[in-house]
Structure formats: structure tokens, C-alpha cells
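The values are calculated or read from the model by the stated rules, or taken from the named source; none is laboratory data. The model shown is predicted, which means the values in this text are computed figures rather than measured ones. So basically every Cβ, Gly included, is an ideal-geometry build from the backbone, and we count neighbours across all protein chains shown. Accessible surface is based on the protein model in full, side chains and every heavy atom, while ligands, DNA and RNA are left aside. Shrake-Rupley method; radii C 1.70, N 1.55, O 1.52, S 1.80 Å.
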Amino acid sequence: MTVTPDTPLTEFPGVGDVRAKKLDKLGLSTAADLLTYYPRDYEDRRQMYTVRDAPLEGRVCVAAMAAEHPRKARIRKGLELVQLKVVDHTGALHLTFFNQGYVEKALRAGEEYIFFGTVEEQGRRRTMVNPIFERVGKQSFTGCIMPIYRLTAGISNHLLASLTRQALDCAHTVPETLPPSVRREHSLAELEFSLRNIHFPENEEALDLARKRLTFEELFYLAVGLDFLKRRRESGGPGCAVPTRPFREFQALLPFTPTQAQRRAMDEAAFDMASGRPMNRLVQGDVGSGKTAVAAYAAWLAVKGGYQAALMAPTEVLAEQHYRSLSALLSPAGVRVGLLTGAIPPTEKKKVRKALADGDIDFVIGTHALISDGVAFHRLALIVADEQHRFGVAQRAALAGKSEFGGMPAPHVLVMSATPIPRTLALIIYGDLDVSVIDQLPPGRTPVETYVIREDKRQRMYNFVQKQVSQSRQVYIVCPAVEENPDAALPGEESPSLNLKAVTTYAAKLQTEVFPALRVGVLHGKMRPKEKDAVMAAFSAGEIQVLVATTVIEVGVDVPNASLMVIENADRFGLSQLHQLRGRVGRGRHQSYCVLVTSTRNPDAMQRLRTLASTTDGFKISEEDLKLRGPGDFFGNRQHGLPQMKLADLAGDMRLLSQAQEAARRLLEEDPSLARPENRPVWDRVRQLFADTPDIFN
Ligand code: ADP
Ligand code: MG
């Protein structure tokens, strides 16, 4: 068989329909797929042992000669043994193979083999069960560094390794796409060498070189893609020039003085918007750092400059809350604020849409249906996306593409993120944005006191809830979401059989049995938007004292009078998510508390909760989260809309990442549209990489 990168795996010997299907599950259907299916680990099988010296721990290679013809025996139906003795100059090794009848014919007396397996000692006999074996001089899986792949049921590592060995026959025909100058500059190995050595490394140095090259390549194409987007936006025609205004005019509307960090972010946004180029800025600040004020300022500037602004929130609850607070803030300045979400009745929706098209609404607040539904604007100049981690690269690109609104220039884009992701990740996820960081909390905040408790303290926790309410404060009690944990027990219940449709049941139980005198409300994702809105409004107004909720309240909800957050089954949440949840309290002048209830026995989970209890620094928490869970989790959910990385360990490859970004920047400086023939392969690779996020490069 001559293998080319396009050869389907079904043409490989030993791959029938059944296996092909299973391989397909791993994303493998051609030889080329195998070549980029990188090992997750390696096993060093280079060291050869004699029978006597072989250690009794772990799998090792032993070179020995078959001393006899294999003996086959059928013990009973379904159990067949092949046994034989192999020897070297130090002694004998007794091999047993279970249900591998072919071994009888495969091993010949008098021939030398390498046996790879675990040596055991039974009395004075040395034995090995089911070793892998190869003829001396014809080795491919012994005496070398073996790749260990991610597997699926029915596909063994051995199979994948042997298929990959065959696929490597075409490694020299895979076109090199990295520009030669980039390879030279960063001393990157050749592609063929890298492909061979990432799978079957000749030695450690070769593996390092291969890994460096392939990781760099991955980061490079990602960086080129993001930088390309950024440049296209910057050069993609003018933005609306929004004139700056004296800050005291806006200050007069605010009930507080912004922090220095807020002012800096505001100034940066104002500068961008006045520049005549479309702004593309991320405002990153921990929960409660006051990002909304920055958004309000930018919107106010746009409207005062004669334009329209739009704010997109990730949930309806949040959109409605922003609507309430922002119209209270900006109406006195004559800004006409509107709300547009899925929850709005159709007739009302129609009215709002018309008002937007006619320019009778200046500032509209909604969910991202705002962009997807093709709402027409009169003079849109600014789009604010709140809680950006729900808006991926693709959505941002879609926003930027809205430039055709009424023949207007491309709108300014301001994204707000409360997810304090580690710098390494931020560089990538926000690689196409300018960044303002709000690294300061408004004054007078006392940090939230956090406690981890077990079930035996439940009654005391309930008493504490009572006490907070008796001091006119309000309380959140968060349970894992209805849909996330169908088998989960009710908080405080022993039996895990009761399922968590349960948030409502739990709320009812709290109301009748625990807090009969208090007003208990419930909020979860399965409620109709109208109901949710009513509950949130009642909680904001203080009519509900204890709100039992799922994580729908995770993002952005702002009720300064709430001073206690109880999180049930806290171990089921990720660290960053717990931090977000906790950020719902400590927003007013009252000392606030967060109580994490858990019955976990898992030390890692406990460690996570203790980390949270020990710090309120969002960046520290996310670093810790990254350490505990690995980058896979940040990238796993794909909310960021970035292509999946295969090799790049994003937590660790900081240096390589900045090199790749620098190389990408330089390439695009020389050839901004990647139009030169020698850069065509780069362009193709980038398009391919972003294939899952359509429309970006059209
Ligand atoms: P986030 O960054 O989490 O979106 P918000 O914008 O919701 O934070 O602000 C949190 C709370 O802090 C709000 O109640 C807001 O009114 C208040 N706030 C914001 N900035 C200041 C400030 N400079 N001084 C006092 N309170 C502020
Ligand atoms: Mg917010």
C-alpha cells in the first residue's frame, strides 16, 4: 500500500467498517488525521534487560530466545493458554499468553525476540503474562520511546501506534506551511522530522524539538488568525467619530465617584471612540469592580454624540436588570433606553424594533438575540457585550460585520469580562482586542467572609440566615442547576435518589419547615422569562428575603442589600464559578458572607473550597483553578469560540506563545492580506483552523 495523506483508514490493513467507525469517533478518518493525532504521553521502552536483571516493577523489555515450541492448551470453553520458556545467558523466563492462540505459530523455537511486559516472580520462577513481542532487528514497538494515545473502546494503543507507523510513510509528502523565514528565525525543526518524532521520538532531544515546532505552529496559526481579524477591523474603514465630553457632565449623573481604575477604562474607551477608528476593547475587571459604569459612560458618549448604542447581556435576567439600572441612570440625561429580549410580547417587540430603526430609542439593552435577529438600527455606533466569556471570537467577528447598519461605519465594540482568566489564556482568547483592566474595587468594600461547612452545621447555617434577614439583609441560597445534576440529592438529604427538580421542592421545604416566617422565592433556568423577571424584581425590591436559585444568578445580578450567599453542594462547582457566585454579595456597605456547604470526601474538592475561602482575588483563584483542572477545562467548553488546541499547553507555553504572536505580527505587517503566493499556505491553514467558527474570514 502506498500511503498518501488522503488515504482513508479503511484502506489500512486490519481496519474494517467496525474499527473505522470507532476511529472516526476519535476524529480519525485519513492518514493525515493520524499524523496530527498527537500522543498524550510516552512510555520509554528503550532500556533492555536480561532475565535476571529485569526489575519486578512496571513494564520492561527483555531480550531472550524461545527455548521451545509454544504449547497450546484449552483449559475450558473461552479460555485458551499458550505457554513457553524463553532464555538468555542469565536464566529462564516463563511466558503465558491468554486467549492469543496465534502466538503458537508466531513464536519459533531458537529465534530471538524482545518481550515487553511485567516480570513477576513466583518462588524462584520468573514469569511474564501476555507480553508484546517482536523479532530482534524487526522492532517497531519495543526498544523505543512508545507513544501513548487517547483511546476509545475497541481501539487499542497498539493498533493506533501501528496505524500511525504506517501513516508516517507519507510524512515527507505533507506540505510544509510554515514560512521558511519563521522557521529559521525560531530554529524550528522540519515538518517531516517533527511528525516522525512527535509519534516515535528517537530520543528526548528529538521529542523536544518536534514538540516545540508543532506547538509553535499551532499557536502561530491561531495568532495569525486573531491578528488578522484585528487588523481587518482596524483597517476596515472608519468608525464613528464620537466626540469626547467633559467628564463632570457624566459625573453629575453618577451616585458615586468612579475609582481611578474605572476612570482609566472610561478614558481609554472615550479615546478609542473619538479616534475615528472602530474601537475593539475588552474591559476586564473582577466581580463588583464596577464595569457597568464604564459601559454606561461609553453609551452616554455615543448617544450625546448623536448616535445609538446597544448592550447585550448573556441572560434575560441580566438584560432586565441592566435595563432598570441604566435607564434610571441615563434617563435624567435625556437618553431614551429600550429593552429587547425574547420575553417581550411580540407587539411590544415590534414597537421597539421600529423605534430603533427610526432612531426613537437611543440605547437598547437585550440579549444576543439583538445581533442574531438582524435588528435594524438608525445610527448605531456602539455595541457593548457584557460578561464576555459567553461571547466567543465568532460572535465578536459577527458584531464587527454589522458595519452595514444603515450605511454606517463599523460600530465600536466594548466587551466586559468578569472572568479573571490567567494572562496566558487572555492573550489568546482576547488576542484580537485591546484591553483595559479594572484592578481596583470601589472603596468601602469589606471583603466577603467565606466559610466551608459540613452537613452537621446546617442548623447553625439556617440560624445565620434568620439573623441576616432579621437585620433587614437578604440571602441567596444556590443549588446546583436542575438540569446539571438529575441524580443529585436535595441539600441536607442523605439519599441521592431524590432528584434536583428539587430546587423548587427545596425552596418549598425551606419555606414551610425552616423559615415559615420569612418570604422565600425561587429562581431557576427552566422558568419562563416573565416569571424570572418577576422574581428578580421582587428580590431587588426586598419583597423576597431568601432567594433559592440555580446558577442563573451567576452573572452580574446586583442587589447590594444581599449580604449572605449560601452555596449548597459547593464541591460540584468549579472555582471560578464559585467566585462568580460569591461576587453577588459584598456589593453594598454591609459585611457580607459566603457559606460553602459540602459533604465531599474528595481532598481535591476540599482544597478547592479552602482556596476560595482564603482569598477574594479573582486572578489568584483562576490561576489556582487552572492548576487544579488544567487548561482543558477552560478550553473544553468552547465558550470562547476558539479552535481546539492539540498540543499547546496554554498554561505553560507562555514564551512560545509570545514568540508565535510576534512572528504572526511580523508576517502580517509584511503581507497584511496574506496575498503573496508564498503565504497562501498560511492563509489556508488559518481558514482551516477557524473552520468551526464560520463567517470569520469571509
Ligand atoms: P461588575 O463589574 O461586577 O459589573 P457593577 O458594575 O455591577 O460591577 O458594580 C457593582 C456595584 O458597585 C454596583 O452596585 C455599583 O453601583 C457599585 N459601584 C460601581 N462603581 C462604584 C464606585 N466607584 N463607588 C461606589 N460604588 C460603585
Ligand atoms: Mg456586571
Seminar exercise, completed: Within the range 258-305, the residues that are touching a Lys or Arg at 6+ places or on another chain (Cβ under 7 Å), among the small types (Gly, Ala, Ser) and surrounded by fewer than 24 Cβ atoms within 10 Å (Cβ to Cβ) are GLY288
For this session: Kindly establish whether ALA651 is modelled with pLDDT under 60, hydrophobic (A, V, I, L, M, F, W, C) and open to solvent by 10 Å² or more (accessible area, probe 1.4 Å).
Result: yes
For this session: Give me the pairs, please: first residue somewhere in the range 247-270 and closer than 12 Å to ALA298 by Cα, second residue anywhere and hydroxyl-bearing (Ser, Thr, Tyr) and open to solvent by less than 70 Å² (accessible area, probe 1.4 Å), beta-carbon distance under 6 Å, and either six or more positions apart or on two chains.
Result: PHE250/TYR297; ALA265/SER436; MET266/TYR297; GLU268/SER436
Exercise. Only one of these conditions is not met by PRO422: (1) more than 16 Å from ligand 1 (Cβ to nearest atom); (2) at pLDDT 90 or above; (3) open to solvent by less than 10 Å² (accessible area, probe 1.4 Å); (4) not basic (Lys, Arg). Which number is it?
Worked result: (2)
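Residues are listed down the side, and each one gets a yes or a no for (1) in contact with a helix residue (DSSP H, G or I) (Cβ under 8 Å, 6 or more places away or on another chain); (2) within 23 Å of SER658 (Cα to Cα):
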site	(1), (2)
PRO201	yes, no
LEU209	yes, yes
THR215	yes, yes
LEU219	yes, yes
LEU229	yes, yes
PRO238	no, no
PRO246	no, no
THR257	yes, no
For this session: May I ask you to say which residue of ALA293, ALA270 is away from ligand 2 (no atom under 16 Å from the Cβ) and of a type in the set (A, V, I, L, M)?
Result: ALA270
Exercise. Would you call ALA31 surrounded by fewer than 19 Cβ atoms within 10 Å (Cβ to Cβ), in contact with a helix residue (DSSP H, G or I) (Cβ under 9 Å, 6 or more places away or on another chain) and at pLDDT 90 or above?
Worked result: no
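One line per residue, one yes/no per condition, for (1) of a type in the set (S, T, N, Q); (2) within 16 Å of ligand 2 (Cβ to nearest atom); (3) assigned to a loop (DSSP other than H, G, I, E, B); (4) open to solvent by less than 10 Å² (accessible area, probe 1.4 Å):
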position: PHE250; (1), (2), (3), (4): no, no, no, yes
position: LEU253; (1), (2), (3), (4): no, no, yes, no
position: PHE256; (1), (2), (3), (4): no, yes, yes, no
position: SER325; (1), (2), (3), (4): yes, yes, no, no
Exercise. Name the residues in the range 37-51 that are closer than 30 Å to SER194 by Cβ and open to solvent by 50 Å² or more (accessible area, probe 1.4 Å), would you?
Worked result: ARG40, ASP41, ASP44, ARG46, GLN47, MET48
Problem set entry | Enumeration of residues in the range 258-292 that are within 28 Å of the chain's Cα centre (by Cα) and assigned to a helix (DSSP H, G or I) | ALA261, GLN262, ALA265, ALA269, LYS291, THR292
Exercise. For the subset of the range 616-626 comprising residues that are more than 16 Å from ligand 1 (Cβ to nearest atom) and either among the aromatic types (Phe, Trp, Tyr) or open to solvent by 20 Å² or more (accessible area, probe 1.4 Å) (or both), which member is farthest from ILE453 (Cα to Cα)?
Worked result: GLU623
For this session: Filter the range 61-81 down to residues that are among the aliphatic types (A, V, I, L, M) and farther than 18 Å from ALA106 by Cα, then give me how many there are.
Result: 2
For this session: Answer yes or no: is there a residue in the range 77-87 that is at pLDDT below 90, more than 21 Å from GLY123 (Cβ to Cβ) and open to solvent by 70 Å² or more (accessible area, probe 1.4 Å).
Result: yes
For this session: List every residue pair whose Cβ atoms sit under 9 Å apart, with the two residues 6 or more apart in sequence or on different chains, where the first one lies in the range 438-451 and is closer than 14 Å to ARG587 by Cα and the second, anywhere, is charged (D, E, K, R) and open to solvent by 90 Å² or more (accessible area, probe 1.4 Å).
Result: GLY444/ARG589; ARG445/ARG589; THR446/ARG589
Problem set entry | Meets criteria (at pLDDT 90 or above, under 28 Å from VAL585 (Cβ atoms) and either near ligand 1 (Cβ under 7 Å from one of its atoms) or in contact with a His (Cβ under 8 Å, 6 or more places away or on another chain) (or both)) for ALA265 | no
Problem set entry | Cβ pairs under 7 Å, 6+ apart, first in the range 304-323 and not assigned by TED's automatic domain parsing to the domain that holds VAL352, second within 14 Å of ligand 1 (Cβ to nearest atom) and open to solvent by less than 10 Å² (accessible area, probe 1.4 Å) | none
Exercise. In the range 453-472, what count of residues is obtained for those that are in a loop (DSSP other than H, G, I, E, B) and either hydroxyl-bearing (Ser, Thr, Tyr) or in contact with a helix residue (DSSP H, G or I) (Cβ under 9 Å, 6 or more places away or on another chain) (or both)?
Worked result: 1
Exercise. Which ones in the range 293-323 are of a type outside the set (A, V, I, L, M) and in a strand (DSSP E or B)?
Worked result: GLN308
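Which fully enclosed helices (runs of 4 or more DSSP H) of the range 78-197 have 3 or more residues being out of contact with any strand residue (DSSP E or B) (no Cβ under 8 Å at 6 or more places or on another chain) and of a type outside the set (Val, Ile, Thr)?
Hits in the range 78-197: 157-167, 180-185.
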Exercise. Condition test on ARG211, is it surrounded by fewer than 19 Cβ atoms within 10 Å (Cβ to Cβ), in contact (Cβ under 8 Å) with a residue 12 or more places away in the chain and part of a helix (DSSP H, G or I)?
Worked result: no
Problem set entry | Subset of the range 15-34 [closer than 22 Å to LEU195 by Cβ and assigned to a loop (DSSP other than H, G, I, E, B)] | VAL15, LEU26, GLY27, LEU28, SER29
Problem set entry | Test: ALA298 is within 15 Å of ILE383 (Cα to Cα) and within 16 Å of ligand 2 (Cβ to nearest atom) | yes
Exercise. Within the range 52-61, can one find any residue that is among the aliphatic types (A, V, I, L, M), assigned to a loop (DSSP other than H, G, I, E, B) and open to solvent by less than 30 Å² (accessible area, probe 1.4 Å)?
Worked result: yes
Exercise. If you go through the range 535-576, how many residues are more than 28 Å from the chain's Cα centre (by Cα), within 16 Å of ligand 2 (Cβ to nearest atom) and either part of a loop (DSSP other than H, G, I, E, B) or of a type in the set (D, E, K, R) (or both)?
Worked result: 2
Exercise. Assuming TYR42 fulfils every condition listed in (1) assigned by TED's automatic domain parsing to the domain that holds MET128; (2) assigned to a strand (DSSP E or B) apart from one, which condition is it?
Worked result: (1)
Exercise. At pLDDT below 90 and aliphatic (A, V, I, L, M): does that describe LEU163?
Worked result: no
